[in-house]
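Asks: There's a structure below that I have some questions on.
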Amino acid sequence: QMRLVESGGGLVQPGGSLRLSCAASGTIFRPSVMGWYRQAPGKQRELVADISNGGSTNYADSVKGRFTISRDNAKNTVWLQMNSLQPEDTAVYYCNVHLIFPRMSEHWGQGTQVTVSS
């Protein structure tokens, strides 16, 4: 069974930066999409950014220009570089992997807390 482990969360002041990482233990067959979601207290979980094995990316409007997602297919790892962080970015961030083969499946990490506060 695939396991995803996130790291890199923490407390940062407004305007600061953090880099989240997610390492997958199992084989990530192609095609695949790896992404980051977040959930703030009292709000729905939302997509922050995702990236295909071919490098195609999607970003939530709220993070465009501030966040950058990247992945290394050989290392089964995805990162989220977060710059110009604001208090509204405070949330638990979850790593996600969506696969089609060998069967359609979705995998989630345990989440890492990001807090932006002065």
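Asks: Tell me the relative contact order for the chain as a rounded percent, counting alpha carbon contacts under 8 Å between residues six or more apart. Could you put the intermediate results ahead of the total?
Replies: On the way: 299 pairs, mean separation 43.2, N = 118.
Relative contact order of the chain: 37 percent.
Asks: Give, in nm to one decimal, the length gained when the segment between Ser25 and Phe101 is fully stretched (0.36 nm per residue of separation minus the Cα-Cα distance). Write out the running numbers ahead of the final one.
Replies: On the way: separation 76, 0.36 × 76 = 27.36 nm, distance 1.62 nm.
In short, 25.7 nm is gained.
Asks: A follow-up question, please. Residues with beta-carbon under 14 Å from that of Gly10, excluding Gly10: net charge, scoring Lys, Arg +1 and Asp, Glu -1?
Replies: Values: positive: Arg19; negative: Glu6, Asp89.
Local net charge: -1.
Asks: Identify the residues of the stretch 14-49 with backbone N under 20 Å of a label point that sits 7 angstrom from the Cα of Asp72 along the Cα-to-Cβ direction, or state none.
Replies: What the label zone holds, given the 20 Å backbone N cut-off, is 18-30, 32-36.
Asks: May I ask for the net charge around Val78, where only other residues with Cβ less than 13 Å from the Cβ of Val78 are counted and Lys, Arg are +1 while Asp, Glu are -1?
Replies: Values: positive: Arg19, Arg71, Lys75; negative: Glu6, Asp50, Asp72.
Net charge in that neighbourhood comes out at 0.
Asks: Summing +1 for each Lys or Arg and -1 for each Asp or Glu, what net charge is found among the other residues whose Cβ lies under 15 Å from the Cβ of His98? Please report the intermediate quantities before stating the final value.
Replies: On the way: positive: Arg30, Arg45, Arg71, Arg103; negative: Asp50, Glu106.
Here the charged neighbours net out to +2.
Asks: So, with a 1.4 angstrom probe, what is the percent of accessible area on the chain that is carbon and sulfur? Write out the running numbers ahead of the final one.
Replies: On the way: 3070 of 6480 Å².
Carbon and sulfur together cover 47 percent of it.
Asks: Protein chains only, probe 1.4 Å: how do Ser52, Ser25 rank by accessible area, largest first?
Replies: Numbers: Ser52 30, Ser25 85 Å².
Descending order: Ser25, Ser52.
Asks: Once phi is turned into ³J(HN,Hα) by the Karplus curve 6.51 cos²θ - 1.76 cosθ + 1.60 with θ = phi - 60°, what whole-Hz value does each residue of the stretch 7-24 show in order, with x for glycine and proline?
Replies: After applying 6.51 cos²θ - 1.76 cosθ + 1.60, I find 7, x, x, x, 9, 9, 7, x, x, x, 10, 9, 10, 8, 10, 9, 10, 9 Hz.
The values are calculated or read from the model by the stated rules, or taken from the named source; none is laboratory data. What you see is a predicted model; the values in this text were computed from it and never measured. Note that we place each Cβ from the backbone using ideal geometry, even for glycine, and neighbour counts take in every protein chain shown. We work out accessible area using only protein heavy atoms, side chains counted, and drop any ligands, DNA or RNA first. Shrake-Rupley method; radii C 1.70, N 1.55, O 1.52, S 1.80 Å.
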